[in-house]
Amino acid sequence: MGKIKFTDNSGTFVIENPENYSGLYLPLAGEKELKSSITPTLAGDSKTDQNHFLFEPVSIENLHNNKNGRNFWCLINGSNMWSVSGASAMQEAEKFSKEQDESKIEAGLMWQRLTRVSKKFGIRAEVLSFVPVDENIEIMYVTLKNISDNDIDITPIAALPIYGRSADNLRDHRHVTSLLHRIETKEYGVEVAPVLSFDERGHRKNETTYFVYGSKYDGEKPKEFYPTNQMFIGEGGSFLMPEAVRTGKTGVNPGTKIQGKESTGAFAFGNIKLKAGEKTGYIMLAGVTTQKDTIESRTSLYRTKVNVIKCFEKTKKHWKDKVNIDFEMNDKAVDNYLKWICFQPILRRIYGCSFLPYHDYGKGGRGWRDLWQDCLALLVMEPDMVRKMIVSNYGGVRIDGTNATIIGNGQGKFIADRNNITRVWMDHAYWPFVTTKLYMDQTGDLDILLDKVSYFKDRQSLRGTAHDDEWKFEDGNTQKTVGGVDYFGTVIEHILLQNLCAFYDVGEHNEMRLHGADWNDALDMAWERGESVAFTCAYAGNLKDIAYYLRKIESTDGIRIIEVAKEMECLFRKGKELYENPYKKQQLLSEYSKLCCHNISGETAVLKISMICENLEEKADWLMKNIRENEWIKEDDNTGWFNGYYDNHGKKVEYYKKDDVRMMLTSQVFAIMSGIADEKQIKAICNSADKYLYEKKAGGYRLNTDFKEEKFDFGRMFGFAYGEKENGAVFSHMAVMYANALYKRGFIKEGYKVLKNLLDSAMDFENSIMYPGIPEYFDNDGRGLYAYLTGAASWYMLTMITEVFGVRGELGNLVIKPALLPEQFDKDGKAAIKLNFSGRTLKITIHADIDNIQDNNGVYNKIIRVECDGNELESADLKKVVIMKKRIEEMSCERCHEIDVFIK
Ligand code: G1P
C-alpha cells in the first residue's frame, strides 16, 4: 500500500489509499488563468488570481480539515450516504479500519483519476479531474458502477461549494462579502455573481461570475438544486453530513434567485436504478468568467461523456508534448521522477509562489530571482518564447542596478514589492546574466545583448535607501530622460549596470553588502553591516563571464564599441586604490546613483569593448584575490571552507572552533562555481561538507550546521527550528546548485552523490510522503515539503542535461561531454536523453564500454566514436563531441535524429 508505481514513461503513476497520507496534492491548470489544487479526497482550491477564488482558499494545514471540498454523493437505496471522494462522516469514521473503502489515485501531468470502491454498498466510483487547456473551467467526471449482484437505487448529488471572492475576505469581512452574492439557478447549474468586489479603499463593481454546472453523461439536466450552504447542509448539518443528502429533501428549480448567502454548487440528478454490472456517469463543470452570458454555450461543449473524454485526451497530450524531455537510464522510476522535475518549472510559471497549498506567500506574481531561474529550464523546453521573455524582463531593472521584485501577469509588468516594502535583495542582479548566458550558448544569438529595452522606475531611489519625491504615480513605471521621454538601453547595458553597481556596493570588509537578504530570503536581519561573500563570489564569476561574451561579440560580429548611458562612465573607474577602499567604492556608487535618482540626461558615451573587458576582468580578479586571501577558513590540511557572510555586528558568520563549527553551503557553492576555490580547496570543502553537513537520512547536504543561537543580528532563519527550511534543512535548490558547481569543476562523483541523494530521498515515498518531483526541502524526518514550486527543479533538470549528459550549447554549437558514472547506464551500457535543440528533436544515446573502464576513477571520459542517424561523425576532441550549428540547421525538423556517442 502507498508505494508509487508508474504505468508509462510520461510520469503517470498510481498510488493506493492515498488518503491515508497527509499533505498530498496535485496541481490542475490549463493555459488560461484557472489554477487548482486537488487532494486525494478532492479537497483543495481553485482560482484565477488572488481576488478571484472559485473554491475557498486553502493552505497546507487546511487540507486535512477542509471538508468542504469538491464532493459527489450517492444516496443509496434512500438511506445510505456515500461520497465518491471519501468525505462523509461515515467514511471518516471508517478510515484506517477494515471497513475503509479501497481507493487509489492515478495521476499524470495536470490530471487525476480517483477510484473508490465501497464493498459495503457494492459500488465503484471513478472521478476524473482536469482543466481544459483553453478554458477557465475545471472538469470533474464521475462514473459509478454497480459491482454487486443486486440492483442499486441511487440519488446522485453533486456539491461543490463556491467561495466566489478575494482570498483577502477569508477572514476580512467573510460574512459581509457573502451578502454581496447574487445566486441564480439555471437549467444546468448554479451561478454566483457578487455585486461588488469588496475593498474598503474603494469598492468596485464586480464583473466576475463563478459557476458550477452539471449534467448526466448523455447531457441530461440536473433535477433540483440546493444553491446555498444553508439549504444544502441544513440546520446543524455539515459538509460531511449534509441535510440534502441525508434526507433526500426537495430542492429548488432552475430560475431561482437568492441574494446574500454563502453558496454551494449543489444539485441532485434524477434517481437511477443501476443494475448489477451497470455503469453511469456525471459531469461537473466549475468555472470563473467575466462573460456571464457565455457560460451556457461554453459549458455545453462538455456536456456529454464523449466530449469530456475527447477533451481529456487533448489535455493530456498538450502537457505531455510540453514536457519534451525524456530520460532513459537504468531505472524507469528515476526517468519518471525526472519527467515530473522537468514539469515543475512550468508549474512555477503558472502558479508563482502564491497558489498551491504550501505556497501561500503573497498575492500572485512571480519573484525576480525565481523568474530568471525558471527561464533556464524553459529555455530548454520552450526556447521560442524565451528570447522575448528575457528581453522584456530586463525592463524590470532600475537605472541604479536594483530591480522590481515581483513580475506581474503579462510580460513587462513589474511590481516593486509584494508588500510595498523598500527592500533590496543583493543577489537579484546576479541571475539575469546567468540566464542570458545560457540563452546565448543554446542559441548562438549574441545579438540579444544589443536589443534595446526600457528601465523600471518607481519611487524607490538610491538603491533602496531613499525616495524620489519628484516621481509621481502618473509618470508611469519607466525611466525617463530630462526630455521626458522613455530611455532605452541595450541588454548589455542593463547587465553591466547590474553587475558594476554590485561591485561598488560593499561593506566594511570590502565584500558586497547583504542589504535586505541574498538568495537566502531568511538572512534578513543584517541590513546595516551584513555582507554576503557568497554572492560576492557569484558576481565575480559574472564579471569574468560578461567579459568573455563581449569578446565573442567582438570576434564574431566585428563590433568594437558599445554605447551606454553617459552617467555610467564613472562605473568603469579602476585602480587598486579604489578597489581596496570600501568607503571610496560606496562614494562612487552614491555619486552614480545620485546622477540618476530621478530623470537621466539621455546622453550616451561610446566605450570600446576591449576596454570594458579588461576593466571587468581586473575587477573580477581583484574580488577573487580578496576572497581567497581573507575568507578561507582552515580546519586542517584536508578540511576547510569559505566564510560566506558578515553579520550585523560586522563579524564573520562562519568559522571553525573545536566545539562550534559554523559552515554554510551557499558560500561554498558560489566559491566553487565562480572558480574562486582551487582544486585543493574544493576537495577540502567536499570533505568538510561530508563531515558537517551531510546526513543521508535527511536527504543529503544541509544548508548549514546548527548555530545553536537565535542570531537576531543575521536573519529570521535562526528563528526556524534547526533542520527546517532555510535553517539547515536539506534545501534542494542550493543542494542542486552545489552538485552543479561540482560537476562544472570536474568533481563528478561528488556531484553525483548530491543529486542521487536528493532523488533517492524524494523517491522514498513512505518517508518523503510526496508525489513525484523534487520538494523545496526535506524536514528532519525526511518528509518532502513545498511540492512542485521550487527553483531546485530548474537546476536539477539543467544539471542532468548540461552536466551529467553534458549536452549543451556553446554559442549555438551542440556539445556533448558526458559525465555519467557506470551505475547510471542500463544493463546494455546505454543512457539516453531526448530533447530539442535548435528546433530539432534529438535522441542522444551514450554507449559505455561497461567492461572496459579506462579511467581509474571509474568515470568514462574518452569518446571513441560518434554517429548521427547512423553515419559516423568526425570528432576532433576525445573529451567532447562538437556538432556545429550549421550542421544541426541542415537536419530536418520533421523527425527525431539519433545521435550515438560511444565512450570508454
Ligand atoms: C525559495 C524561493 C527562492 C529563495 C529560496 C531561499 O526557494 O523561491 O527565491 O531563494 O527559497 O530562501 P525555492 O523554493 O525556489 O527552492
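Structural remarks
- By the count of other C-beta atoms within 10 Å, a proxy for reagent exposure, Arg174, Arg201, Arg716, Arg303 are ordered fewest to most as Arg201, Arg174, Arg716, Arg303.
- Amide N of region 805-822 lying under 19 Å from the label point, which is placed 7 angstrom from the Cα of Ala876 along Cα→Cβ: 808-818
- Total formal charge among the other residues, if their Cβ is under 9 angstrom from that of Ser129, Lys/Arg +1 and Asp/Glu -1: +1
- Cross-link pairs Lys753/Lys879; Lys585/Lys880; Lys95/Lys332 - those with Cα-Cα distance over 31 Å: Lys585/Lys880; Lys95/Lys332
- Per-residue ³J(HN,Hα) for region 132-143, Karplus 6.51 cos²θ - 1.76 cosθ + 1.60, θ = phi - 60°, Hz, x for Gly and Pro: x, 4, 10, 9, 8, 9, 9, 9, 10, 10, 9, 10
- A straight line joining the Cα centroids of region 888-904 and region 130-170 runs 46 Å.
- Other residues lying with their Cβ under 11 Å from the Cβ of Asn324 contribute a combined charge of +1, Lys and Arg counting +1, Asp and Glu -1.
- A crude spin-label estimate for the pair Ser59 and Trp632, with each label 7 Å from Cα along the Cβ direction, gives 4.6 nm.
- Over the chain, Cα pairs under 8 Å with separation of 6+ residues give a relative contact order of 9 percent.
- Rounded Å value of the spacing that divides the Cα centres of region 481-523 and region 176-217: 46 Å
- Packing-based ranking, highest mean first, of 255-268, 646-659, 129-142 given that Cβ atoms within 10 Å are counted: 129-142, 255-268, 646-659
- Of all DSSP bridge pairs formed entirely within the chain, close to 95 percent run antiparallel.
- Prolate/oblate/rounded label for the chain (Cα gyration tensor, a/c 1.5): prolate
- Per-residue 3J(HN,Hα) values for region 449-456, derived from phi via the Karplus relation 6.51 cos²θ - 1.76 cosθ + 1.60 with θ = phi - 60°, read 4, 9, 4, 9, 8, 7, 10, 7 Hz in sequence order (x marks Gly and Pro).
- Listing Cys893, Cys686 from fewest to most neighbouring C-beta atoms within 10 Å gives Cys893, Cys686.
- The stretch between Thr556 and Leu170, if pulled fully straight at 0.36 nm per residue, gains 133.1 nm over its current Cα-Cα span.
- Lys834/Glu766 FRET efficiency (R0 25 Å; Cβ-Cβ; nearest 0.05): 0.20
- Here Arg387, Arg116 are placed in order of increasing Cβ neighbour count within 10 Å, fewest first, which gives Arg387, Arg116.
- Among the listed pairs Lys35/Lys413; Lys680/Lys756; Lys98/Lys216, those with a Cα-Cα distance over 30 Å are Lys98/Lys216.
- With a Förster radius of 51 Å applied to the C-beta separation of Glu591 and Cys893, the computed FRET efficiency comes to 0.45.
- Length available on full extension from Arg387 to Lys257: 0.36 nm per residue minus the Cα-Cα distance, which gives 41.8 nm.
- Counting 0.36 nm for each residue step from Lys95 to His467 and taking away their Cα separation leaves a gain of 128.1 nm.
- Loop trypsin sites (Lys or Arg not before Pro), region 440-532 (other Cβ atoms within 10 Å of the site Cβ: 11 or fewer; DSSP): Lys472
- Summed residue charge, Cβ within 11 Å of Arg182's Cβ, Lys/Arg positive, Asp/Glu negative: +1
Throughout, read-outs are computed from the coordinates displayed, never taken from laboratory work. Keep in mind that this is a model prediction, so the values were computed, not measured. All Cβ positions, even for glycine, are placed from backbone atoms using ideal geometry, and neighbour counts span all protein chains on display.
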